[in-house]
Every structure is written in structure tokens, then in C-alpha cells.
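Okay, so here's the structure we're looking at.
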Amino acid sequence: MTAPVLVSYATRSGSTGEVAEAVGATLQSEGLAPEVLPMHAVESLTGRSFLILGAPLYIGRLPKEFHQFMALHGEGLRRLRPWLFILGPTRTVPADFEAARRQAARQLERYDWLQPAEVHVLGGRFDVRRMPKPFNLLTRLPLPALDKMPVTDIRDWVEIRAWARSVALQIKSAA
Ligand SMILES: Cc1cc2nc3c(=O)[nH]c(=O)nc-3n(C[C@H](O)[C@H](O)[C@H](O)COP(=O)(O)O)c2cc1C
């Protein structure tokens, strides 16, 4: 049976996927039975009543998979008011969060028909050894400074779970 609550995500180096799993686990602990799926595995939004979407920013853009999801599921998305979580900043610097919010808003401008319940920017993870294509090509260059870049992971699991709980409450009061 199709789960009425779907958490769907795009991820390029895994960190957004892990946040999606944590959001799903929190919804479950709040008594919901969500399905957590990568965007490319979602065939249809038929039967879904609540949708939470997650995606990361890369050089100011959301991934191709996110835009493909918008193109493929426009009809279902018009019916639902999805909650969006966007991963981006990898430093706990307010200006980075502001920039990420602007980048996300600009990316979403093209979907003027989309009415998200919320767009929530969350801290992400930077690990030079996990950079996706084509950025990983940089690591093949003799750039010693790149090797020394520290791994930063500012995903705040307490904040993520609190946000997911607030979404669960909204779902339960609307269901
Ligand atoms: C090459 C590169 C470019 C990035 N560009 C941005 C950006 O423009 N804005 C931003 O807020 N975060 C940016 N980030 C941070 C990513 O959004 C962050 O690493 C996120 O956790 C990656 O998600 P993923 O692991 O699900 O792919 C960038 C990261 C990399 C490696």
C-alpha cells in the first residue's frame, strides 16, 4: 500500500539522504508511517497526502534530480503543499545561511505554482573526499591545499529532529 506520507530527497554525496532518513525516523517516532525514497525512485504522487522534499545546493543550484522531480510530478505537487528542507551552508556563519536561503528562493522562483508549506535551510557536510562529479575532478589536480581542507559537518541533528517533529504535528493536525 502507498504510504500517505512521503519523504523524498536528492543527494549527491549522501548527507541530504541521511537527513531524510532522520526526518523519516522522527515522523515514525511521532506515530506516522512515512516512506523515505530518493526522488528518482518516485513513480507517482498518487495516494500521497503529505510530502517532505529534501535537496542540497551546489554552486547556487538545486540538483538536476530535483528539477526533474518538479517536471515529472507537477500535477501531484500542485495538489500537495510540500515541506522543503535544503542543505547548504557548511560553516555556522549567519551570512552563509542567508546566502543559501536566497539561492534556494531563486531556484524555486521558476515554480511559481509550487506552494511549499515551508522552505527550511539546514547546515550540510563538506568532505573533499566525497565531492560528487564533476567537482571531484578538482581532487585529481596537484592542489595540496585541497587535501588539507577539513571535513565539516554542521548538520544539527537536534534541530533536524525538532523540525521533523514540528512537521509531524502539522501533519497530524491536518490528517
Ligand atoms: C562543490 C560544492 C559546491 C557547493 N555549493 C554550495 C552553494 O552554492 N551553496 C550552499 O549553501 N552550499 C553549497 N555546497 C554545500 C553542499 O550543499 C553541502 O555539502 C551538502 O551537505 C551536500 O549535500 P549532499 O551530501 O546531499 O550532496 C557546496 C558543496 C560543494 C562540494
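Along its first, second and third principal axes, ordered by size, the range 5-174 spans 53, 32, 28 Å in Cα coordinates. Helix 157-174 sits at what angle to the longest principal axis of the chain, using alpha carbons and giving 0 to 90 degrees rounded to 10? Taking the Cα atoms of the chain, the angle to 157-174 is about 20 degrees. Using a Gaussian network model of the chain in which every pair of alpha carbons under 10 angstrom is joined by a spring, one finds that among Ala20, Ala117, Ala100 the greatest mean-square fluctuation is at Ala117.
Which shape class, rounded, prolate or oblate, goes with the range 108-175 when its Cα gyration tensor gives a ≥ b ≥ c as root eigenvalues, a/c under 1.5 marks rounded, and past that a/b bigger than b/c marks prolate? It is oblate, given that a/c is not under 1.5 and a/b is not larger than b/c. Electrostatic tally near Ser173: other residues with Cβ closer than 14 Å to its Cβ, Lys and Arg +1, Asp and Glu -1, net +2. The C-alpha atoms of the chain define a longest principal axis, and helix 94-108 lies at about 60 degrees to it. Beta bridges assigned by DSSP with both partners in the range 5-174 are antiparallel in approximately 15 percent of cases.
The Rg/Rh ratio of the range 22-109, with both radii computed over alpha carbons and Rh defined as the Kirkwood radius, is 0.99.
Taking Cα atoms only, the orientation of helix 15-29 departs from the longest principal axis of the chain by about 30 degrees. Computed over neighbours whose Cβ is under 9 Å from that of Glu30, the net charge equals +2, Lys and Arg +1, Asp and Glu -1.
Here, each number is a calculation from the coordinates, and none is a lab measurement. Because the structure is a prediction, the values reported are computed rather than measured. Note: ideal-geometry Cβ built from the backbone for every residue, glycine included; neighbour counts use all protein chains shown.
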